[in-house]
Amino acid sequence: MKAVRRFTVRAGLPEPLADLGVLATNLRWTWHPPTQDLFASVDPEIFDHEGGDPLRLLARVPGERLEQLATDPDFLARVRAVSDDLRAYLTEPRWYQRQGDGGGNGTRLPGSIAYFSMEFGVTEALPNYSGGLGVLAGDHLKAASDQGVPLIGVGLLYRSGYFRQSLSLDGWQVEHYPVVDPDGLPLVPLTEPSGAPILVHVAMPGGRVLRARIWKAQVGRVPLLLLDSDIEENAEDLRGVTDRLYGGDQDHRIRQEILAGVGGVRAVRTYCELTGVPQPEVFHTNEGHAGFLGLERLRELVSGQGLDFDQALSAVRAGTVFTTHTPVPAGIDRFPVDLVQHYFGDGTLLPGIDLRRILALGAEENAGMFNMAHMGLRLAQRANGVSQLHGAVSREMFGGLWPGFDTDEVPITSVTNGVHGPTWAAREITAVIGDPQDDGYESFDESVTDARLWELRCGLRARLVDEVRRRVRAAWLQRGASALELNWTDSVFDPDVLTVGFARRVPTYKRLTLMLRDADRLRHLLLHPDRPVQLVVAGKSHPADDGGKALIQQIVRFADDAGVRHRIVFLPDYDMSMARYLYWGCDVWLNNPMRPLEACGTSGMKAALNGGLNLSIRDGWWDEFYDGSNGWAIPTADGVTDPVRRDDLEAAALYELLGSQVAPLYYDRDGSGVPARWMAMVRHTLASLGPKVQASRMVGEYVQNAYAPAATAGALAQSDDFRVAKDLAAYRLRLSGSWPHIRVIDCELHLEDGHTPVIGDRVPVRARVDLAGLDPADVEVQAVVGRVGDTDELTDVVTGTMHHNGDGYYATELTLPHAGSLGVTARVLPKHGLLATPAELGKVVLA
Ligand SMILES: *Cc1c(COP(=O)(O)O)cnc(C)c1O
């Protein structure tokens, strides 16, 4: 029998309870405790059994109970209050609406923004994610909703959104792919007024058509559109396009990405027409996977507005933001060129768009491969990494796309990820600090005593211990143990022992097994007579990654040992529903990636929101937010190239920190049993990290630094029948003819005779430039001064714009920035009103 349909649920609700249907389908309930409490009180037992999912609760709860509630004035009053609250939340002006026009810096705030991602982790009730990227996307939507940012999420709905993990008896990961029925999920299909589902069409080779239905999830104020190919109108193989997230081969994957990108734009267009929501002014490509969206927008402009490819490209780039999440070249999404050719080559998918131009957008060093990140960067005027360190790594990694520029001039900035406070902070914490997104974290300090805060932390730890016991027992039953031999699981973990958490997916760079490097030393830490440590580990390996599964098996085997199994556990099936207990209850959150391969990492932020202290390699966000007293930094063996030795050194540093700093601090108690020095760090973590790790901070930065400037540039590009976009295209064409012939003929610095300049002196610089027929207004000529070494290479440079004095002569005055040996040079850069930075076109002429 099928699960109850959403509208069946509504029909089944007695009329006075109709609002419950609305409350159950708007996913704001996932971060709104009063709504959760309301549903829990319908039937606490069923609510619990259904994992706290209101929709499933309503489908299961007996009709008599609903009839009874429909006449219960107290309950009805609560329904009304919670519904009124939701209505106010959905309609009242919020942060974005209070920004005034343009966020204060002359830029324009977009009327809507489309946010494309291949996965969205909003709640376990909508299992449509695999890991950190998806949870981040979910947090982005929630924070945008809270801030009133008019985002529209776009992605795919997978039949098996993520796999469930269990263990075989010998500790090997086993995968299950539960199939979800969209009718049982908090989704509604987009339909024609007649009620017929609206389908998006995407052409496939050989005259075939891939169709997809559009489901909408409502995440507070933010709609999330999810495309689903599993419909009868599709051929059998095409039905399977959205079967699994990150499953299948390259062919399967490119079909998914074509559907998400090309189909996704078509879905947003339809949605906006249908609802009157303004069409997006900005498109945000969250990681390369969704990058085909830019090609569809090119097609729209070429076929709908009569622009040529280059003109369309200028306009599309202006309104596009690209975020990269991958600091490892091997992690970048790439396709064989012939596969791209197969799908785009016959011109039916994107009529009017020349295959060669498409291939050029994804070109990389290897001529046989099409690089989605390169395409993402070429289709977006604004690009960013997800922490400051990752921004720097990305500028280095993608620097080849901007030849002739120093790494720090590569136009990739950073917006450090954040996490959605109301989702990840335990209720007990928010009860004390207030709304995590207001100034609660900054200001809670005086009002809460150490003893109170410690009691709260102990409560969260105790809840985690219960959850660990429950899960360990369930895992052993699943592995084939009999209940009779599992009494020991009742005393796994101790609610008073220092609890360390380590949970993440298990690609190699995350080093799941670093802690096992010296198994005796780890055992010693776990079993210390006075200062024991207990360790909870979780994580899924990609189903195709046997290496990752072998790492999990090593941990499981270690933890299976009767001598330590009360102090270390591996919990199978890491997902949002487990993660929250870990973030709430762990005293210490451990992270030991191979620096700098963790782009940001967000789980440690979630622990910090609950007063967990981070113990981490200085990678990703921790490199930027660690301040010496809000946790610990595991020293990295930077520069040691032998990975085995590096692991040895870093593991030793980890044991050392745990044994000689972390544990002693935790067990150092005052007269009333409170670890005062520990609590000082907890307080400092809450106060210093609490405000910074919020997704609301992240979304605010995207608005200020990406969405508003992109909307401004996009509007400029389109204005006056795309005059500026056309002008930029013509300009680029003009440049490409003349550029190779531009020369800096000479450049000199004028020093007064017999006078040695001092730092801070202003000195005149002159240069002669042959513009090869270009107009002086077409270029920016810059004087550059910096340190020189033996190779004449300039470092620590300062630049100044030079003014044209006629006849190819340029001049300016520069302030000497350093003492010691300096050098000077001049360079020529493109200049156009629609360029975000002079480096944008990757063109520069050096002297
Ligand atoms: C936050 C989160 C992640 C991401 O954590 P990282 O620190 O980036 O590895 C992964 N999975 C779940 C369920 C999460 O909640």
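Tell me yes or no: at least one residue of segment 570-582 is more than 30 Å from Asp53 (Cβ to Cβ) and modelled with pLDDT of 95 or more.
Within segment 570-582, none of the residues are more than 30 Å from Asp53 (Cβ to Cβ) and modelled with pLDDT of 95 or more.
Give segment 785-798 a look and list any residue that's under 14 Å from Glu813 (Cβ atoms) and either touching a residue at least 24 places away in the same chain (Cβ under 8 Å) or open to solvent by 70 Å² or more (accessible area, probe 1.4 Å) (or both), or say none.
Correct list: Val785 only.
Could you count how many residues in segment 627-652 are crowded, with 17+ Cβ neighbours inside 10 Å and either closer than 16 Å to Trp589 by Cα or not assigned by TED's automatic domain parsing to the domain that holds Met594 (or both)?
Result for segment 627-652: 6.
Is it the case, given these coordinates, that Thr191 is more than 16 Å from the ligand (Cβ to nearest atom), of a type in the set (Val, Ile, Thr) and within 30 Å of Glu92 (Cα to Cα)?
So Thr191 fits the description; yes.
Collect the residues in segment 298-316 that are assigned to a helix (DSSP H, G or I) and open to solvent by 20 Å² or more (accessible area, probe 1.4 Å), keeping them in residue-number order.
Passing the criteria: Arg299, Glu300, Leu301, Val302, Ser303, Gly304, Phe309, Asp310, Gln311.
Are there helices (runs of 4 or more DSSP H) fully within segment 384-488 with at least 1 residues that are touching a Gly at 6+ places or on another chain (Cβ under 6 Å), buried (at least 21 other Cβ atoms within 10 Å of the Cβ) and not acidic (Asp, Glu)? List them.
The qualifying helices (runs of 4 or more DSSP H) are 388-397, 427-433, 440-443, 450-478.
Please return the ranges of helices (runs of 4 or more DSSP H) entirely within segment 633-718 where 3 or more residues are farther than 20 Å from Thr602 by Cα and of a type in the set (Phe, Trp, Tyr).
Here the list is empty.
Residues of segment 147-164 being open to solvent by less than 10 Å² (accessible area, probe 1.4 Å) and either of a type outside the set (Ser, Thr, Tyr) or in a helix (DSSP H, G or I) (or both), which ones?
Gly148, Val149, Leu151, Ile152, Gly153, Val154, Gly155, Leu156, Leu157, Gly161 - these are the residues of segment 147-164 that are open to solvent by less than 10 Å² (accessible area, probe 1.4 Å) and either of a type outside the set (Ser, Thr, Tyr) or in a helix (DSSP H, G or I) (or both).
Please find, within segment 798-847, the residue that is nearest to Phe322 (Cα to Cα) out of those that are assigned to a loop (DSSP other than H, G, I, E, B) and of a type in the set (D, E, K, R).
Selected residue: Glu840.
Might you let me know whether segment 122-130 holds any residue that is closer than 19 Å to Gly700 by Cα and in contact with a Gly (Cβ under 6 Å, 6 or more places away or on another chain)?
No, every residue in segment 122-130 fails to be closer than 19 Å to Gly700 by Cα and in contact with a Gly (Cβ under 6 Å, 6 or more places away or on another chain).
Take the conditions part of a loop (DSSP other than H, G, I, E, B) and open to solvent by less than 30 Å² (accessible area, probe 1.4 Å) and apply them to Leu350. Does it pass?
So Leu350 passes the test.
Filter segment 46-85 down to the residues that are among the small types (Gly, Ala, Ser) and under 29 Å from Val180 (Cα atoms) and list them by number.
Matches in segment 46-85: Gly51, Gly52, Ala59, Gly63, Ser83.
Restricting to segment 572-609, what's the tally of residues that are within 9 Å of the ligand (Cβ to nearest atom), more than 15 Å from Ala633 (Cβ to Cβ) and not in a helix (DSSP H, G or I)?
5
Being more than 14 Å from the ligand (Cβ to nearest atom), within 30 Å of Asn487 (Cβ to Cβ) and not in a helix (DSSP H, G or I), is that true of even one residue in segment 616-632?
So far as segment 616-632 goes, no, none of its residues is more than 14 Å from the ligand (Cβ to nearest atom), within 30 Å of Asn487 (Cβ to Cβ) and not in a helix (DSSP H, G or I).
Among the residues that make up segment 495-515, is at least one of them of a type outside the set (Ser, Thr, Tyr), free of Cβ contacts under 8 Å to residues at least 40 places away in the same chain, assigned to a helix (DSSP H, G or I) and loosely packed, with under 15 Cβ neighbours inside 10 Å?
No, because not a single residue in segment 495-515 is of a type outside the set (Ser, Thr, Tyr), free of Cβ contacts under 8 Å to residues at least 40 places away in the same chain, assigned to a helix (DSSP H, G or I) and loosely packed, with under 15 Cβ neighbours inside 10 Å.
Scan segment 685-703 and tell me whether some residue there is open to solvent by 50 Å² or more (accessible area, probe 1.4 Å) and free of Cβ contacts under 8 Å to residues at least 60 places away in the same chain.
The answer is no; no qualifying residue exists.
Any idea which of Val564, Val569 is in contact (Cβ under 8 Å) with a residue 40 or more places away in the chain, away from the ligand (no atom under 16 Å from the Cβ), β-branched (Val, Ile, Thr) and assigned to a loop (DSSP other than H, G, I, E, B)?
Only one candidate passes the filter, namely Val564.
If a residue must be of a type outside the set (D, E, K, R) and out of contact with any helix residue (DSSP H, G or I) (no Cβ under 8 Å at 6 or more places or on another chain), how many such residues does segment 469-490 contain?
9
When Tyr343 is evaluated against the numbered criteria (1) assigned to a helix (DSSP H, G or I); (2) open to solvent by less than 30 Å² (accessible area, probe 1.4 Å); (3) under 30 Å from Gly418 (Cβ atoms), which criterion, by number, is the only one it fails?
Status for Tyr343: all satisfied but (3).
When residues of segment 72-96 are filtered for being in contact (Cβ under 8 Å) with a residue 24 or more places away in the chain and under 16 Å from Ala143 (Cα atoms), how many remain?
Residues meeting the conditions: 7.
Considering Val82, Val122, Val135, which residue is within 16 Å of the ligand (Cβ to nearest atom), over 12 Å from the mean Cα position of the chain (by Cα) and at pLDDT 95 or above?
Going through Val82, Val122, Val135 in turn, just one is within 16 Å of the ligand (Cβ to nearest atom), over 12 Å from the mean Cα position of the chain (by Cα) and at pLDDT 95 or above: Val122.
Does Val537 satisfy the condition of being without any contact (Cβ under 8 Å) to a residue 40 or more places away in the chain, outside any helix (DSSP H, G or I) and either surrounded by fewer than 18 Cβ atoms within 10 Å (Cβ to Cβ) or away from the ligand (no atom under 12 Å from the Cβ) (or both)?
Spelling it out, Val537 is indeed without any contact (Cβ under 8 Å) to a residue 40 or more places away in the chain, outside any helix (DSSP H, G or I) and either surrounded by fewer than 18 Cβ atoms within 10 Å (Cβ to Cβ) or away from the ligand (no atom under 12 Å from the Cβ) (or both).
Is it true that some residue in segment 273-283 is more than 30 Å from Lys510 (Cα to Cα), in a helix (DSSP H, G or I) and of a type outside the set (A, V, I, L, M)?
Yes; the residues of segment 273-283 include at least one that is more than 30 Å from Lys510 (Cα to Cα), in a helix (DSSP H, G or I) and of a type outside the set (A, V, I, L, M).
In the list Pro817, Pro776, which residue meets the criterion of being at pLDDT below 90, farther than 16 Å from Gly404 by Cα, open to solvent by 20 Å² or more (accessible area, probe 1.4 Å) and not assigned by TED's automatic domain parsing to the domain that holds Gly404?
When all the criteria are applied, what remains is Pro817.
Here is a list of conditions, (1) more than 30 Å from Thr499 (Cβ to Cβ); (2) open to solvent by less than 40 Å² (accessible area, probe 1.4 Å), and Asp727 meets all of them except one; can you say which number that is?
For Asp727, the failing item is (2).
Can Gln553 be described as polar (S, T, N, Q) and under 27 Å from Leu245 (Cβ atoms)?
Criteria met by Gln553.
Being touching a residue at least 60 places away in the same chain (Cβ under 8 Å), assigned to a helix (DSSP H, G or I) and either within 22 Å of Pro817 (Cα to Cα) or among the hydroxyl-bearing types (Ser, Thr, Tyr) (or both) is the filter here, so list the residues in segment 719-771 that pass it.
Once the filter is applied, which keeps residues that are touching a residue at least 60 places away in the same chain (Cβ under 8 Å), assigned to a helix (DSSP H, G or I) and either within 22 Å of Pro817 (Cα to Cα) or among the hydroxyl-bearing types (Ser, Thr, Tyr) (or both), segment 719-771 yields only Tyr731.
The values are calculated or read from the model by the stated rules, or taken from the named source; none is laboratory data. All values reported here derive from a predicted model rather than from experimental measurement. Please note: Cβ atoms are built from the backbone with ideal geometry, for glycine as well, and neighbour counts cover all protein chains shown. Just so you know, the surface numbers come from the protein's heavy atoms only, side chains and all, with ligands and any DNA or RNA stripped out. Shrake-Rupley method; radii C 1.70, N 1.55, O 1.52, S 1.80 Å.
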